[in-house]
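Written out below as structure tokens is the structure these notes cover.
The values are calculated or read from the model by the stated rules, or taken from the named source; none is laboratory data. Note that this is a predicted model, so its numbers are computed, not measured. All Cβ positions, even for glycine, are placed from backbone atoms using ideal geometry, and neighbour counts span all protein chains on display. Heads up: the accessible areas ignore ligands, DNA and RNA and are worked out on the full protein's heavy atoms, side chains in. Shrake-Rupley method; radii C 1.70, N 1.55, O 1.52, S 1.80 Å.
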Amino acid sequence: MELYIKNMVCNRCITAVQNELLKLDLHPIDVQMGIVKLEEEKLDEEKLLILNKHLNALGFELLDKGKSRVIEQIKNLIIEKIFHTEFLEQKVNWSGFIADKIFHEYGYLSSLFSSVEGITIEQYIIRQKIERVKELLFYDELNLSEIANKLGYSSIAHLSAQFKKVTGQTPSQFKNSRSMDGQRRSIDKV
């Protein structure tokens, strides 16, 4: 049986979900971001409600079949590529990448995503990249040029312009504020 779970965005999420499944005496075969494969062939309604309640307490949510799963798969692919890839290529073919991984035409996926999320896939990608920039600025391990290179920006100017458009601040203003509490958001809330 496969379960689709919303808001799984990192390895700690995978561990948390796996631990919760084991606590509920379920038998996960494979746990990845957004998808869990169980030994069980089917769960009754009561077990699903209990599981969903436990997952909700941790900030996750069981997804019903269909469109919600596709949206979550798109988000997980984007987050995985932006947050868990050492260096993004400068010209990522997002439409081809997403369509190939989900086995649907990009036009359909783009339309579905926009209708459900209220923003385009491209806007979502930009928001995720900016959250990654904020994270890298916060930890102060890389300079702006290195960050631009790591995230596939053609220049510091391009990164700065996009950052200012999304946040209202330049990267330098953001970094210098040092009162960054509350300015970074959980990536599942972007």
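For residue 6, the requirement of being over 16 Å from the mean Cα position of the chain (by Cα) and open to solvent by 40 Å² or more (accessible area, probe 1.4 Å) is not met. Do we find that residue 105 is out of contact with any Cys (no Cβ under 7 Å at 6 or more places or on another chain), more than 20 Å from residue 68 (Cβ to Cβ) and surrounded by fewer than 14 Cβ atoms within 10 Å (Cβ to Cβ) in this structure? So residue 105 does not fit the description; no. Within the stretch 133-149, residues that are touching a residue at least 60 places away in the same chain (Cβ under 8 Å) and open to solvent by 60 Å² or more (accessible area, probe 1.4 Å) reach partners that are of a type outside the set (Val, Ile, Thr) and not in a helix (DSSP H, G or I) with beta carbons closer than 8 Å, at six or more positions or on different chains, in the pairs 149/87. The set of residues in the stretch 23-38 being surrounded by 15 or more Cβ atoms within 10 Å (Cβ to Cβ) and within 22 Å of residue 67 (Cα to Cα) consists of 31, 33, 34, 35, 36, 38.
One residue alone among 20, 41, 45 is open to solvent by 80 Å² or more (accessible area, probe 1.4 Å) and either touching a residue at least 24 places away in the same chain (Cβ under 8 Å) or closer than 24 Å to residue 132 by Cα (or both), and that residue is 41.
Within the stretch 35-63, being among the basic types (Lys, Arg) and within 11 Å of residue 24 (Cβ to Cβ) holds for 47, 53. What is the one condition in (1) within 19 Å of the chain's Cα centre (by Cα); (2) among the small types (Gly, Ala, Ser); (3) open to solvent by 50 Å² or more (accessible area, probe 1.4 Å) that residue 152 does not satisfy? The one condition residue 152 does not meet is (3). The residue of the stretch 63-79 that is modelled with the highest pLDDT, among those that are open to solvent by less than 40 Å² (accessible area, probe 1.4 Å) and touching a strand residue (DSSP E or B) at 6+ places or on another chain (Cβ under 6 Å), is 72. When the residues of the stretch 48-59 are narrowed to those that are open to solvent by 80 Å² or more (accessible area, probe 1.4 Å) and more than 21 Å from the chain's Cα centre (by Cα), which ends up farthest from residue 128 (Cα to Cα)? The residue in question is 49. Going through (1) within 30 Å of residue 66 (Cα to Cα); (2) open to solvent by less than 40 Å² (accessible area, probe 1.4 Å); (3) out of contact with any Asp or Glu (no Cβ under 9 Å at 6 or more places or on another chain); (4) in contact (Cβ under 8 Å) with a residue 24 or more places away in the chain one by one, residue 96 falls short only on (4).
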